[in-house]
Amino acid sequence: MEKRCVVVIGAGPSGAIAAALLKRNGHDVLVLERQQFPRFSIGESLLSHCLDFVEEAGMLDAVMAAGFQRKNGAAFAWGDRYSAFDFGDGFTPGKPTTFQVQRADFDKLLADEASRQGVEIRYQEAIIAASFTGPQPELRVRRADGSEYGVQASFVLDASGYGRVLPRLLDLEAPSNFPLRQAVFTHIEDRIDSPDFDREKILISVHPRLRDVWFWLIPFSGGRCSLGVVGSAERFEGRPADLEACLREFVAETPSLANVLANAVWDTPVRTIGGYAANVKSLHGQGFALLGNAAEFLDPVFSSGVTIAMRSASMAAGLLNRQLKGESVDWQADFATPLKRGVDAFRAYVEGWYSGAFQDVIFHQGGSEDIRRMICSILAGYAWDETNPFVKEPVRRLRMVAEYCAHEAAGAGEELPV
Ligand code: FAD
């Protein structure tokens, strides 16, 4: 049986960042990745905060030099309403810009950077079984040719994303409290010629009649975009079975988006993914911790997935470094609980998005600049900054500001305390 210090399952963003951070602290790390890179992945619009972890892992120069589309904020459209947030205007000091990336290229770049720093990555090797009952965790690995071997580690980080390796093998899965939703998406040559279109922002468009149905339009460099529609399962009932026809039908019903895409060339097969929201009973156990999507995934609407994945990787790598150096650490108090605080802040705004309350706030004209700055920071990914009242008390603050917007819309026009 091969013996290693840390084994990371999966070489996506959380795996690559965690592995590099541990290696930079002098630990032996082996990453086992089921697929060959580059490989397609969804999740293409990054938030500013995720670049803090790219920088921490010594990969920022490589990402900056890669030619990805710069992103400076998020824009929202609903009918003739348009609301744009510039990350540079946020309440929390942080990075004013980030990138929109084809994940095949981005994930390969991060993994290659981890390798360059000395991390060993084995591609096309999948974890198929795990045992945490002995003195050290043991994993069973299957190579592409069907042969198998065992590896023992002092600690395992599960960064397997939607593979959810340890949650499945250790019976850790828990139901998400979000309803079943589906996304239908593709890449297009966008041919957008409107001078009003801001390529440096993700455009989130709300369906004119169905407020729980929304679209992403994520500009890449090179005149291409990622386009997708998201809705609950019943919103797809009665729609064309052909995915391209289905996506085209939703777009055609949404004039503000259809106009932007009038000249687009649809040159890539349309894909779908559904039931992606997931949760677990625990983020850690004896000899392991769960990172990124292997732990929990909320919803794509605020592009928080990669940021949460990298944040979890950075926190886990820091704690594991201390543990491997002989310190006694508390995974609940120093990893799971503080990670969950930011995730729960995102959760409140995702719930508010689908209830309509947060949409009312986003599309409200006028109102407090201070409040917009605080909301802007959350949209930039700084959802762990508890000096931001909208992070510290997300549910109460959102309720207050939504009530205020409703009042103002009704003509009351009163001041809202921050
Ligand atoms: P992944 O990126 O999924 O990487 C996991 C890796 O583990 C994969 O390479 C996989 O091959 C490997 N693996 C799996 N099983 C095994 C195994 N048995 N053995 C070895 N390796 C294994 N996030 C954003 O930040 N911005 C967005 O715009 C965005 N849009 C989204 C849109 C949709 C519709 C959805 C569903 C999600 C979106 N996300 C977005 C979320 C984003 O996709 C994920 O949060 C992010 O990819 C998680 O990164 P990760 O490192 O945890 O996992």
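The values are calculated or read from the model by the stated rules, or taken from the named source; none is laboratory data. These numbers come from a predicted model, not from an experiment. Using ideal geometry, Cβ is built from the backbone for each residue, glycine included, and neighbour counts are taken over all protein chains shown. In case anyone asks, the SASA skips ligands and DNA or RNA and just uses the protein heavy atoms, side chains included. Shrake-Rupley method; radii C 1.70, N 1.55, O 1.52, S 1.80 Å.
Expressed as a whole percent, how much of the Cα-Cα distance distribution for the chain exceeds 32 Å? The answer is 36 percent, as a whole percent.
Looking at segment 22-116, the chymotrypsin sites (Phe, Trp or Tyr not before Pro) that sit in a DSSP loop and have at most 15 other Cβ atoms within 10 Å of their own Cβ are Phe40. Helices of the chain meeting both criteria, an alpha-carbon length of 18 angstrom or more along the long axis and an average Kyte-Doolittle score not below 0.0, with helices taken as full DSSP H segments, are 305-324. Here the relative contact order of segment 69-175, from alpha carbon pairs under 8 Å that lie six or more residues apart, stands at 14 percent. Each stretch of four or more DSSP H residues adds -39500 (n - 2.57); spread over every residue of the chain, this sum gives -10000 deg cm²/dmol at 222 nm. This model, with +1 at the C-beta of Lys and Arg and -1 at the C-beta of Asp and Glu, gives segment 181-274 a dipole about its Cα centre of some 220 debye. Remark: for residue pairs Lys201/Lys392; Lys71/Lys95; Lys23/Lys95, the C-alpha separation exceeds 18 Å in Lys201/Lys392; Lys23/Lys95. Looking at segment 235-319, the accessible area is 38 square angstrom per residue; that uses a 1.4 Å probe and ignores ligands, DNA and RNA. Across the options Ala174, Pro96, Thr307, the greatest Cα extent toward the positive end of the charge dipole of the chain (unit charges at beta carbon of Lys, Arg, Asp, Glu) belongs to Ala174. Positive-end ranking of Gln365, Trp353, Leu320 along the dipole of segment 304-380, with charges on Cβ about the Cα centre, is headed by Leu320. Basic side chains Lys and Arg get +1 at the Cβ, acidic Asp and Glu get -1 at the Cβ, and with that the dipole of segment 343-411 about its Cα centre reaches some 60 debye.
Across the chain, the relative contact order, built from alpha-carbon pairs under 8 Å that are at least six residues apart, equals 21 percent. Extension gain for Thr268-Glu200 works out to 22.2 nm (0.36 nm per residue, less the C-alpha to C-alpha distance). Of the residues Leu47, Val251, Val156, the one whose Cα sits farthest toward the positive end of the charge dipole of the chain, with +1 on the Cβ of Lys and Arg and -1 on the Cβ of Asp and Glu, is Val156. When the solvent-accessible area of the chain is split by element, carbon and sulfur atoms take up 49 percent of it, the probe being 1.4 Å. Here is the list for segment 361-403: GluC sites (Glu not before Pro) lying in DSSP coil, each with at most 13 other C-beta atoms within 10 angstrom of its C-beta, are Glu386.
Each Lys and Arg adds +1 at its Cβ and each Asp and Glu adds -1 at its Cβ; summed about the Cα centre, segment 1-134 shows a dipole of about 240 debye.
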